[in-house]
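S.K.: Dumping the structure here so I can ask a few things about it.
The values are calculated or read from the model by the stated rules, or taken from the named source; none is laboratory data. All of these numbers come straight from a predicted model, not from anything done at the bench. Counting neighbours? That spans all protein chains shown, and the Cβs are built from the backbone with ideal geometry, glycine included.
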Amino acid sequence: MTEYTLHEPTIRGATKDAPNSSLSENDFATDDLADLDDHYLLSTSGIPPESFEDLYLPVVHLDQRLSLPLLRQALNDVETMDELDAETKKETIDLLHDLGECFPDDSLRNDSQ
């Protein structure tokens, strides 16, 4: 079983906008992986990660605004991650709901929009 490290991202605001595309390593203005991990919740190699490919569940735009659509996608994705141990999965879901409090009038469930 792959071991994941949960990380609470640093955010500077919130948005209901979805990013134009999936984040890639080339989108970032830095090579410092310690800065890149602030956009993701999970890493398979610790924090800071050893590689960009170790990062999972993006929830923050490049400008460090928390994204409601990314939170919703992360919640859908984490619930289907079979390789994630039960404790880390629960902690990740709890963190997603905590972050979702930035959007008090919106549900994290896509079917409740």
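S.K.: Can you give me the number of residues within region 25-69 that are in contact (Cβ under 8 Å) with a residue 24 or more places away in the chain and in a strand (DSSP E or B)?
M.R.: 10
S.K.: If you don't mind, there's one more thing I want to ask. Output the residues belonging to region 75-113 that are under 16 Å from VAL59 (Cα atoms), assigned to a helix (DSSP H, G or I) and at pLDDT below 95.
M.R.: GLU79, ASN110
S.K.: Can you tell me which of (1) touching a helix residue (DSSP H, G or I) at 6+ places or on another chain (Cβ under 6 Å); (2) touching a residue at least 40 places away in the same chain (Cβ under 8 Å) is the one ARG72 doesn't meet?
M.R.: Only one criterion in (1) touching a helix residue (DSSP H, G or I) at 6+ places or on another chain (Cβ under 6 Å); (2) touching a residue at least 40 places away in the same chain (Cβ under 8 Å) is unmet by ARG72, namely (2).
S.K.: Sticking with this structure for a sec: Looking only at region 52-66, decide whether some residue is touching a Phe, Trp or Tyr at 6+ places or on another chain (Cβ under 9 Å), surrounded by fewer than 16 Cβ atoms within 10 Å (Cβ to Cβ) and not aromatic (Phe, Trp, Tyr).
M.R.: yes
Residue-wise test of (1) modelled with pLDDT of 90 or more; (2) polar (S, T, N, Q); (3) surrounded by fewer than 11 Cβ atoms within 10 Å (Cβ to Cβ).
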{"position": "GLU8", "(1), (2), (3)": "yes, no, no"}
{"position": "ASN20", "(1), (2), (3)": "no, yes, yes"}
{"position": "SER24", "(1), (2), (3)": "no, yes, yes"}
{"position": "PHE28", "(1), (2), (3)": "no, no, no"}
{"position": "ASP32", "(1), (2), (3)": "no, no, yes"}
{"position": "LEU36", "(1), (2), (3)": "no, no, no"}
{"position": "LEU42", "(1), (2), (3)": "yes, no, no"}
{"position": "ILE47", "(1), (2), (3)": "yes, no, no"}
